[in-house]
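Notes follow once the structure below has been shown.
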2 protein chains.
Amino acid sequence: MFFLPKPVSKLIDAFERLPGIGPKTAQRLTFYLLHVPQEYLENFAEALNNLKRQTMTCSVCFNVSEADPCLICASPSRNKALICVVEQPLDILSLERTGKFAGVYHVLNGAINPLNNIGPDEIRIHELVKRVQDPASEIREIILATNPNMEGEATAMYIVKQIQNAKIKNQNESGNIRITRLAHGLPMGADIEYADEITLTRALEGRREF
Amino acid sequence: MFFLPKPVSKLIDAFERLPGIGPKTAQRLTFYLLHVPQEYLENFAEALNNLKRQTMTCSVCFNVSEADPCLICASPSRNKALICVVEQPLDILSLERTGKFAGVYHVLNGAINPLNNIGPDEIRIHELVKRVQDPASEIREIILATNPNMEGEATAMYIVKQIQNAKIKNQNESGNIRITRLAHGLPMGADIEYADEITLTRALEGRREF
């Protein structure tokens, strides 16, 4: 890259490998950092070094955590009978922000996507089924909160089948497990005028009485 | 930030302080980094740590450099009689990419911007005048390559005045210094239909014979 000093071009390269950051943005960020206090750079570097070293995956729900089990799984105030299945840890962040969910989570770490070679075995569906089958578990409801797109829908359908098959084998026949999906419809603040057909169809199908 | 593990939220905070990166992007980048090899994180951290430690400002042109003077100032193949004045080191990168400039540079490190409390003394205009006044210098032409916006234009006009005043005091009266600006006009690949009036006015004023 021309005459750029190596320490500068190295950082540009590192930024460029991040998703959504192109060469121009990487340059801009790097040259911006030339003017910040060295302390900030060192804190940034420390945070990068520690990101994976000081975190682990919760062995119960597969969320990113500092402890195993994670704070949510370990919390006595959380309803263990209610599992919300999400694609990524970031989805948990959004759900937690609502403050309306008191159950626990299960992070799939992706969605079934044959085009990208991600099959059912690449994501944590097997672990979810095992969690449901565990005789010690008292799961009453599984909320599928995968994304409302092709991959998310396919993943949700696959999980429903797997859980239904697993329930038959399950010793604990007394209790039926409900499997639910997040509601689809108009997002709050939207204009009906601009809503796409599929969303509007779902909104009609899912209409509720006052 | 809810229950987010500290190592995760620390990195999100660091990303958020970068220009143009909001909370959502910072989260996305951080969670992306949870899946990359530790080696990449360490290289990234090292690049951040070394960015300012292993670079310096060239004492001649104020460009970012690994050595002092920088490679451009030290190069015997560069024409020291031709100085191109730019706002930032990134501008040098763009000019070098053309491969058409064989002179040396002078980095102002900003533009005069009274709204942001950046006056002529905050940027390296004084150093430029000193460089011109230096009896050992053989400067024949100064190309002003500040940005074609309000701040850049004001800076260019201020510099012209300063150099003209300095020339009078300069001992070396024999040679006149040319002060030029980059041409303004239609960018290549543009549509005249969509050109703004100021650009089109400049293009008319600056028209050239075939």
Helix A:6-16: angle to the longest alpha-carbon principal axis of chain A, degrees 0 to 90, nearest 10? 20 degrees
Summed over the other residues with a beta carbon less than 15 angstrom from that of residue B:203, with K and R at +1 and D and E at -1, the charge totals -2
Within a 10 angstrom radius of each residue's Cβ in B:10-21, how many Cβ atoms of other chains show up on average? Whole number is fine. 5
Using a label position 7 Å from Cα in the Cα→Cβ direction, what is the ascending list of nm distances from residue A:97 to the same site in the other copies? 3.4
Run through the other copies and list how far each one's label point is from that of residue B:120, in nm with one decimal, shortest first; the point sits 7 Å from Cα along Cα-Cβ. 7.6
Relative contact order [Cα under 8 Å, 6+ residues apart], chain A, whole percent: 13 percent
Evaluated at q = 0.15 Å⁻¹: base-10 log I(q)/I(0), Debye formula over Cα of the protein assembly as shown: -1.35
Give the long-range amide H neighbours of residue B:179: residues separated by 5 or more places, or on another chain, with amide H under 5 Å away, using H modelled in the peptide plane at 1.01 Å from N. B:142
Would you please give the residues with an amide H less than 5 Å from that of residue B:84, counting only those at least 5 places away or on a separate chain, with H modeled from the backbone geometry? B:104, B:105, B:106, B:143
With everything on Cα atoms, drop me the angle between helix B:23-33 and the longest principal axis of chain B, reported from 0 to 90° to the nearest 10. 70 degrees
Can you list the distances in nanometres, one decimal and ascending, from the residue A:78 label point to the identical position in each other copy, with the point 7 Å along Cα to Cβ? 5.8
GNM, chain B, Cα, under 10 Å: largest mean-square fluctuation among B:36, B:160, B:132? B:36
What are the ³J(HN,Hα) couplings of the range B:108-113, residue after residue, when phi is run through the Karplus curve with 6.51, -1.76, 1.60 and θ = phi - 60°? Round to Hz, x for glycine and proline. 6, 6, x, 9, 5, 8
Order by neighbour count: A:184, B:35, fewest other Cβ atoms within 10 Å first, most last. B:35, A:184
Averaging over all projection directions, find the projected area of the Cα convex hull of the range A:6-53 and quote it in nm² with one decimal place. 3.6 nm²
Averaged over A:35-43, number of beta-carbon atoms from partner chains that fall within 10 Å: 4
Hey, what do the phi angles of the range B:42-58 turn into as Karplus ³J(HN,Hα) couplings, whole Hz, using 6.51/-1.76/1.60 and θ = phi - 60°, x for Gly and Pro? 5, 5, 4, 4, 5, 4, 5, 4, 8, 3, 8, 5, 9, 10, 9, 9, 5
Can you tally the net charge around residue A:39? Count Lys and Arg as +1, Asp and Glu as -1, for every other residue whose Cβ sits under 15 Å from the Cβ of residue A:39. +1
Counting DSSP beta bridges in chain B, what percent are antiparallel, to the nearest 5? 20 percent
Sort the following peptides by mean Cβ neighbour count (other Cβ atoms within 10 Å, averaged over residues), highest first: A:91-100, A:23-32, B:76-85. A:23-32, B:76-85, A:91-100
Cα-based Rg / Dmax (Å) for the range A:42-116: 14.1, 44
Tell me which B residue has its C-beta closest to the axis rotating B onto A, and the distance in Å? B:45, 2
Under the Karplus relation with 6.51, -1.76 and 1.60 and θ = phi - 60°, whole-Hz ³J(HN,Hα) for the range A:192-207, x at Gly and Pro, equal 4, 3, 9, 5, 6, 5, 5, 4, 5, 4, 4, 5, 5, 4, x, 4
Could you let me know the centre-to-centre spacing of the range B:112-155 and the range B:1-25, using Cα atoms, in angstrom? 38 Å
Compactness relative to 2.2 N^0.38 Å, alpha carbon Rg of chain B: 1.31
Approximate shape of the range B:115-207 as ellipsoid semi-axes (Cα gyration tensor, √5λ), whole Å, largest first: 31, 17, 9
Add -39500 (n - 2.57) for each DSSP H run of 4 or more in the protein assembly as shown, then divide by its residues: what number comes out at 222 nm, to the nearest 500 deg cm²/dmol? -13000 deg cm²/dmol
Non-local amide H neighbours of residue B:60 (under 5 Å, H modeled in plane, Pro and chain starts lacking H): which ones? B:70
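Here, each number is a calculation from the coordinates, and none is a lab measurement. All figures in this text were calculated on a predicted structure; none of them were measured in a lab. Cβ sites come from the backbone with ideal geometry, for glycine too, and all protein chains shown count toward neighbours.
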